[in-house]
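Inspection log for the structure reproduced underneath, given as structure tokens.
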């Protein structure tokens with residue numbers, strides 16, 4: 001029992017339950033709550049609220065411990081030359097080799113920074129399609145208080161050993177994002193370390209809560225190995241926990257959210 005307790009303490013100390021990297025300070029959600037346009041939305045009655053439709057791109061990639069190269073074609077993966085979504089959620093497994101120095105040592109921030117840089121470049125590259133999309137958005141913007149600016153910004157990115165998740169949103173939607181949060185669950189060595197497990201992210205867009213789960217489950221192709229993966233999933237669902245928010249009314253667990261996306265889960269290894 002004591003190795004599990006020690007590992008749990010060590011893992012919590014290293015990862016931090018709520019820390020993540022973003023283009024905006026993590027403490028600015030209190031400022032966002034007071035934005036007049038958002039307060040105006042909240043003051044509407046339920047029957048009068050408008051429904052906004054947004055496209056979400058969610059994908060996962062096990063990169064096998066190989067660092068990204070300069071000539072990697074992220075645009076082909078994201079389909080950015082010919083289409084444009086409103087939210088992009090990208091999950092990675094094994095962005096670093098799963099050797100002891102990476103599992104027990106400090107995080108390699110250079111690797112996830114490189115991946116984020118490539119994502120930023122691909123999403124914000126000027127194309128005729130993107131220019132036309134932006135002009136259309138500006139012409140139908142429902143809120144004149146918000147100036148639509150081109151491009152995408154990162155609202156959450158988080159690494160746990162080799163697991164990495166990065167969330168990007170259209171710049172003009174950023175004022176309506178609230179309560180971004182992360183929750184890490186290690187299921188690897190001693191049942192706790194982060195060579196296996198999940199990184200889950202939560203945020204609200206207007207009044208709708210979203211949750212995305214990126215995980216790396218137990219490996220093995222022999223009969224019975226699926227039980228270990230099922231056990232990892234059960235651990236992730238039971239141990240993932242988010243803050244309840246200032247009004248204590250936010251969903252706490254994965255399945256409590258209005259939209260939860262578990263397709264980022266790597267079911268193979």
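The values are calculated or read from the model by the stated rules, or taken from the named source; none is laboratory data. If you're wondering where the values come from, they're calculated on a predicted model, not measured in any experiment. No Cβ is skipped: glycine too gets one built from the backbone with ideal geometry, and neighbour counts run over all protein chains shown.
Here are some notes:
- The condition of being in a loop (DSSP other than H, G, I, E, B), over 30 Å from residue 218 (Cβ atoms), out of contact with any helix residue (DSSP H, G or I) (no Cβ under 9 Å at 6 or more places or on another chain) and at pLDDT below 80 holds for only one of 150, 142, that being 142.
- Scope segment 235-249; condition under 20 Å from the mean Cα position of the chain (by Cα) and either free of Cβ contacts under 8 Å to residues at least 12 places away in the same chain or not in a helix (DSSP H, G or I) (or both); matching residues: 238, 240, 241, 242, 243, 244, 245
- In the set (1) surrounded by fewer than 18 Cβ atoms within 10 Å (Cβ to Cβ); (2) in contact with a strand residue (DSSP E or B) (Cβ under 9 Å, 6 or more places away or on another chain), residue 76 fails one condition alone, (2).
- The listed residue being touching a residue at least 60 places away in the same chain (Cβ under 8 Å) and either more than 21 Å from residue 91 (Cα to Cα) or in contact with a strand residue (DSSP E or B) (Cβ under 6 Å, 6 or more places away or on another chain) (or both), out of 161, 182: 182
- Pair list, Cβ < 9 Å and 6+ apart or interchain, from segment 91-112 residues that are over 15 Å from residue 69 (Cα atoms) to residues that are in a helix (DSSP H, G or I) and at pLDDT 85 or above: 92/112; 92/115
- Residue match in segment 80-101 (condition: loosely packed, with under 14 Cβ neighbours inside 10 Å and farther than 30 Å from residue 193 by Cα): yes
- Lone qualifier among 55, 114 - being surrounded by fewer than 16 Cβ atoms within 10 Å (Cβ to Cβ) and either under 19 Å from the mean Cα position of the chain (by Cα) or at pLDDT below 90 (or both): 55
- Residue list for segment 117-128, filter: at pLDDT below 90 and either surrounded by fewer than 13 Cβ atoms within 10 Å (Cβ to Cβ) or under 17 Å from residue 156 (Cβ atoms) (or both): 126, 128
Quick grid of which residues meet (1) farther than 13 Å from residue 198 by Cβ; (2) modelled with pLDDT under 95; (3) exposed (fewer than 13 other Cβ atoms within 10 Å of the Cβ); (4) in contact with a strand residue (DSSP E or B) (Cβ under 9 Å, 6 or more places away or on another chain):
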site	(1), (2), (3), (4)
214	no, no, no, yes
217	no, yes, no, yes
222	yes, yes, yes, no
244	yes, yes, yes, no
250	yes, yes, no, yes
260	no, yes, no, yes
